[in-house]
Amino acid sequence: MGGPPLKILHPPPLEVNSESSLTAPDQYRSFLLDLSRNTPATALLQLNETSRARHIIKEVIIQGLDVFQSHQREKLQLLGCEAPILLNFIQDTRIDGHIPNDIRRLLQDVLRRCKVPESVPLDNPYLPVTEPDLFQGLSFFPNARQLHGPGNYSADANTNYQPCRSTYTCNKFAKGHPTLSPGIFTVYCQHKICLGFEVMKQHESPAVAFRILKRRLSKAPKIVIYDNACKLQYCLNREPAFFKNTMFLVDRLHWCNHTGCSSGYNMKTYRDNKEIVELNSQICEQMNASISRIKSQLAYMLPDNFVFHAALFLSIINRKVELSG
């Protein structure tokens, strides 16, 4: 590869405490802590294969590019928007304008692990759509009819999997009702318009979000905000090619509960990304509050009646949002 020859630089020596254990230098700790989180490495670098930021990181690794030079301002701003965690680590560990070799090797390994395959063939084709009529079933998406039925994924083979209840994992636990459903799963756009909903047969899980996004959309959204987004590796484990350009972010209100998750899911990490900064992450919370007004009426309706009344109510709310501007 081209570029100036690498200058061998050594990081600060590791400290050894009285118990003979190694302690990372202060400038390493934040990044290493992120790597040790109970979340995928892809959370650190949610970039697609064609992203300019990914190519800039490769320049840093291979050519020793110093993005902090004045003539590299555009590249610095791009990394600040799309890869702030890696940029902060590079800034903290650079020595006299150079990136130590061990840091470059670490970044190269992270980049390699965050690579998403272009396509993943299924063992069997998708099953046919099982919801031919708009009101048949327990969902209502008037502008997003089902494109296909479920697929056959190897990740679903272990049906005996039980989620860990460790303090450092994020699992949503809720008390069930002996006869009533857990509720509805609503989907909103950034303009506060409800795109549709699905009645949940079991407690809320990433499977519900995956089922809606994959079966009803021909192209995955650029950004998905969900209070349990750290568990949406469920999507990447089944359809990595489909979701390769999607960022999964936890809304600002619920981030404080994610003590064991990578900061790559934190919307506040991307403070230089105008698109993310301007997003209202509480749309679902704000709009769903209105649905509680008809909860008691819906609770004991038959499925068809339930879906009809919920859809009618949400369409009225959508209309009010449109008229308000």
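Coordinate-derived values only; no laboratory data. Quick caveat: nothing in here was measured; it's all calculated off a predicted structure. Cβ placement follows ideal geometry from the backbone for every residue including glycine, while neighbour counts extend to all protein chains displayed.
When the alpha carbon gyration tensor of the stretch 15-113 is reduced to an equivalent ellipsoid, the three semi-axes, largest first, read 24, 17, 11 Å. Kirkwood hydrodynamic radius computed over the stretch 177-288 comes to 14.9 Å, based on all pairs of distinct alpha carbons. Could you please state, rounded to a whole Å, how far the C-alpha centre of the stretch 298-325 is from the C-alpha centre of the stretch 183-258? Measuring centre to centre over Cα atoms gives 21 Å. With neighbours defined as other Cβ atoms within 10 Å of a residue's Cβ, the residues Phe248, Phe308 order from fewest to most as Phe308, Phe248. Normalised by the number of residues in the stretch 205-287, the average gap of Cα pairs under 8 Å and 6 or more apart makes the relative contact order 25 percent. Computed from the C-beta positions of His55 and His203 and an R0 of 41 Å, the FRET efficiency is 0.45 to the nearest 0.05.
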